[in-house]
Amino acid sequence: MAGNGEILLEVKHLVKHYPVTKGFIFQRQVGAVRAVDGLDFYIRKGETLGLVGESGCGKTTTGRVILRLQEPTSGEALFETRDIFKLGKEELRRMRRNMQIIFQDPYSSLNPRMTVGDIIGEPLEIHNLARGKEKVRRVQELLEVVGLSPYHANRYPHEFSGGQRQRIGIARALAVNPKLIIADEPVSALDVSIQAQVLNLLQELQKEFGLTYLFIAHDLSVVKHISDRIAVMYLGKIVELADADELFSNPQHPYTEALLSAVPIPNPEMRRDRIILPGDVPSPVNPPSGCRFHTRCLYAQPSCSVDEPEFVDIGNGHFVACPVRPFKTQRSKAAVYRPAASAANS
Amino acid sequence: MSQDAAAAPRVAASPAPAGRARTPLQLAWRRLRRYRLAVVGGVTLVCLYAAMALAPFLAPYALDYSDRSLFYAPPVGVHWVDARGRLHLRPFVYAYRVVDASLPAYAPDTSRTYDIHFFVRGAPYRLLWIVPGDVHLLGVDAPARLFLLGTDQFGRDLLSRLLYGSAVSLLIGILVVLITFPIGMILGGIAGYYGGFIDNVIMRSVEVLAAFPSFYLLLTLASVLPPTLSSGARLFMISAVFSFVGWGGLARVLRGIVLGIRDVEFVLAARAAGLSDLRVIVRHVLPTTTSYVIVAATLTIPGVILGESGLSFLGLGVQEPSTSWGLLLAQAQSIEALTQFPWLLTPGVLIVVAVLAFNFLGDGVRDALDPRQRVA
C-alpha cells in the first residue's frame, strides 16, 4: 500500500484567502478569511495521505484549490513536476484527466436530471476517451468495478441509496483513469455499515489501479484505517504530519493529542480521560498571532503568542509545528493523558 | 411489465432490469395528473386555445360583420319546440322583431322558424392565417341572425368577436414569456454564474427598472405607439412593452437560483471533469432552473392577460377594428350597459376563466415539480 517513494503531488506554501469586501458598487477589501494559510506537503505515488481537522479548518478548500475548482491566492502545486496553478485553460482541461474528486454529499454530487450512464459517461466524452457503443460498454464496466450492475446505467440518481450514489460518484471519478483522487469526506454522510463497504472499495481500487489518494476527513478512525500518512490541520495550517501509526502512537502536537483523545474506544470497560480544549476555534478572519493554537493550548508558553512555529521534521518524516518539544515534559497537571488507552485503540 | 404484473402483482414494483427508468419529468407529470384542479385548468386551456385556433370556423360571422339595425340585440334563443308546440328535429331560431328601435327592444318573430344549419358556407377566411376556407360550423338563413351571445352597439355578433379577440388575449401572454424569459434567463444566469462586477451591473439595472412605477410606464409606452400600426405589429409592440417591464423580476430570481446551484457539488464535479463554462451552464446549471421557469411562465401568462385587458380597457391596447377580450369588456363600462345588456360582460367571464385556469395549472405544476414532495 505504501508509496514507492516517487512524489506525485507536491504542494508548496499554498495560500487561499477569501476577500471580505465592503461597499456597494465600488467594493474595497477590508480583510480576508484565511481559509488556507501556507500549506506544505507531498503525496507519493500510490499512497494515501489523510488530511484531518475540525470543521472550517480549510481541508475542503485545500482539495478544491488543488483541483483549481477555486483559484489559489498563492503557492505552488507540482503534479509530476508541473505546476497546476500555472496551467492555461486547455492544459488544465487535459490535466483534469489526472486528478479527480469524490464529494462528501452523495445527494448533491449527482445531477438529478441525468441518468447514471450520462453522469459517468460525460467525462469520457469530454476527454474523447469513448463514444457511442464504446462509451456504453465502458460505463457498464465502471459500474461493475464499483460494485453496481450494468443495467443501473439507465436509472436516475433518485432511485439509489446513499451508499450506491457514492459508488456512482466513485465510478465517475474513475472514468478518466486518474492518477490522483481527492476524496473529500467520502464516507462522512454514510451509515457506519456502508462506510466500511465504501472504504474497502476505495482500498481495492487503489490496489487495482495504483491510485493515489488525498483523503480528507474529520473522523480519525476512518483516516487511520485508510491512510499511510496523516496530516492534521488547524485553522488553515498543517500542525503535524506523520506516518499513520507514528501519529497515533506518538503525537507530538498538543492539538493532535487532544484530537486523538476524542476518538471513541469500542470497549465500554475502558476508560480514558478526554482532553477538553478550552474555548472555540478562533475566526480565520483574524487568526491568533504566533502559533494559532496558543489560545487553546494546554502547554502554551509566553513565546507561543509571538513566534510562529516552524514546521520541522523531527525524524522519520514526522513533521510538527510546535516548538515546545517534547511537550509532554512541560505537561501541566490539568491535562491527563494515558498512553495505554491509545495503544488499546490501535 | 404487464405480464409480470399479472403473474405476481407485488413483484411488479421493481421494474425489469432492461426497462428505462422514469425521468424526473415523467414523475412530475404523473403527480400533476393527480391534482384535479390543475387537470381542469389544463383541459380548459386546451379548449380555449383550440377555439382560438379554429375561431374563423367556429364563429358564425366574420370579424367585421355588423347589422346596424340589430344593435344591442340580446342573445337569440335556440329552440326545439315551436310556438304551436311541435317538436323539431333540428334546433331553430326565430328572427328578431324590432319592438322599439330607440330603447332598443327586440322580440322574437315566432311566425317563422329558421333551422340552424351545420357546416354552412359563409364569409371566406384563412384558418391560422394560412388555410383558406368559407365553411362555418353554424349558420342560419337570413333574415334570421345567429347572435348566440347577443350584439354590441354596432350590431356585431359578440360570440364571433370573442372568438376572434381570443387570439390577442391568449397569445400575448405566450409572446411576452417568449421575449421575457430568454432575456431574464441569460442575464440572470450570467449574473449568477460569474458574479462580481457583471452581477453588480445587471442587478443594479434590474433595481432601477423595478423602481419605475410599472403600470404608468406601460401606459406611457403604449400611448407612444403610432395608431396606424397594423394589429399584428401592435400586438408585438405591446408584448415588447410588457417584456421590458417584466424581465427584471425573472432575472433576479434566476440569478439567485444559479448562484445557489453554481457551488453545488455536481456542478463542481462537472468542472472537475473538464467541461467548459458553456457546457456546465447549458448541461448542468440551466436545466436545474427548468422547474422554476415552467412555473413562473404559467403564472406570468395570466398576469399579462390581465395587463392587456387593462390596457385595452383604457383604450391603449388593441385598437378597433381588431379586438381583444379587454377591448370587448370596455363596452360594458357603463351602468346602463350592465343593467340592460348584461351579455356584454361575457368577455370578463372569459378573462376570469382563462386566468383561473392558468393559475390552477401553474399551482399544480409547482407542486408536481417540487422535489420535496417526492411521493413516487
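Quick note: the coordinates plus some simple rules give every number you see, no bench work behind them. All values reported here derive from a predicted model rather than from experimental measurement. Note that we place each Cβ from the backbone using ideal geometry, even for glycine, and neighbour counts take in every protein chain shown.
Using the per-residue mean of other Cβ atoms lying within 10 Å as a proxy for protection, in what order, highest first, do the peptides B:199-205, A:317-323 fall?
Highest mean packing first, the order is A:317-323, B:199-205.
Let me know the mean shielding of A:104-111 by other chains, meaning the per-residue number of their Cβ atoms within 10 Å of its Cβ.
Working: counts 1, 3, 1, 2, 8, 6, 3, 11.
For peptide A:104-111, the averaged partner shielding equals 4.
How far is helix B:36-53 tilted off the main Cα axis of chain B, in degrees rounded to 10, range 0 to 90?
Rounded to the nearest ten degrees, it is 60.
Which order do B:Leu103, B:Leu187 fall in if you start with the one that has the fewest other Cβ atoms within 10 Å?
B:Leu103, B:Leu187
Kirkwood-based Rg over Rh for the range A:1-113 (C-alpha set), two decimals?
Numbers: Rg = 16.2 Å, Rh = 15.9 Å.
Computed over Cα atoms, the ratio is 1.01.
Based on the Cα gyration tensor of chain B, what are the three equivalent ellipsoid semi-axes, each the root of five times an eigenvalue, rounded to whole Å and given largest first?
Gyration-tensor ellipsoid for chain B: 48, 30, 16 Å.
Kirkwood Rh over Cα pairs of the protein assembly as shown into Stokes-Einstein at 25 °C, 0.890 mPa s: D in µm²/s?
78
Using only atoms on other chains, find how many Cβ atoms lie within 10 Å of each Cβ of peptide B:257-270 and report the average.
5
What lysines does A:Lys224 reach when the alpha-carbon gap must be under 17 Å and sequence neighbours fewer than 8 apart in one chain are set aside?
Within the straight-line limit of under 17 Å, A:Lys224 reaches these lysines: A:Lys59.
Mind checking which aspartates and glutamates have their Cα closer than 12 Å to the Cα of A:Lys86? Skip sequence neighbours fewer than 8 apart in that chain.
A:Glu71, A:Glu76
List, largest first, the extents of the alpha carbons of the range B:161-368 along their principal axes, each in whole Å.
Extents along the principal axes, in whole Å: 71, 37, 27.
Holding the Cα-Cα limit at 18 Å, pick out from A:Lys45/A:Lys207; A:Lys89/A:Lys179; A:Lys179/A:Lys207 the pairs that are longer than that.
A:Lys89/A:Lys179
Quickly rank B:217-226, A:7-16 as a protection proxy: mean count of other C-beta atoms within 10 Å, highest first.
Top of the packing list down: A:7-16, B:217-226.
Per DSSP H run of at least 4 residues, take -39500 (n - 2.57); add these up for chain A, divide by its residues and hand me the 222 nm value, nearest 500 deg cm²/dmol.
-8500 deg cm²/dmol
Calculate how steeply helix B:196-211 sits against the longest principal axis of the alpha-carbon atoms of chain B, using the helix alpha-carbon long axis, and give the answer as 0 to 90 degrees to the nearest 10.
Helix B:196-211 and the main axis of chain B meet at about 30 degrees.
Grab the alpha carbons of chain A, take their convex hull, and tell me the volume per residue in Å³. Can you show the working numbers first?
Details: hull volume 56.0 nm³, N = 346.
Spread over its residues, the Cα hull of chain A gives 162 Å³ apiece.
Give the Rg/Rh ratio for the range B:55-156, taking Rg as the radius of gyration of the Cα atoms and Rh as the Kirkwood radius, to two decimals.
Dividing the radius of gyration by the Kirkwood radius yields 1.00.
Rounded, prolate or oblate for the range B:124-235? Axes are the square roots of the Cα gyration tensor eigenvalues, ordered a ≥ b ≥ c, and the cut-off for rounded is a/c under 1.5.
Prolate is the answer for the range B:124-235, as a/c is 1.5 or above and a/b outweighs b/c.
Order the peptides A:196-202, A:281-287 from the highest to the lowest mean number of other Cβ atoms within 10 Å of their residues.
Output ranking for A:196-202, A:281-287: A:196-202, A:281-287.
Please state the equivalent ellipsoid semi-axes for the range B:306-376: what are the square roots of 5 times the Cα gyration tensor eigenvalues, largest first, in whole Å?
35, 14, 8
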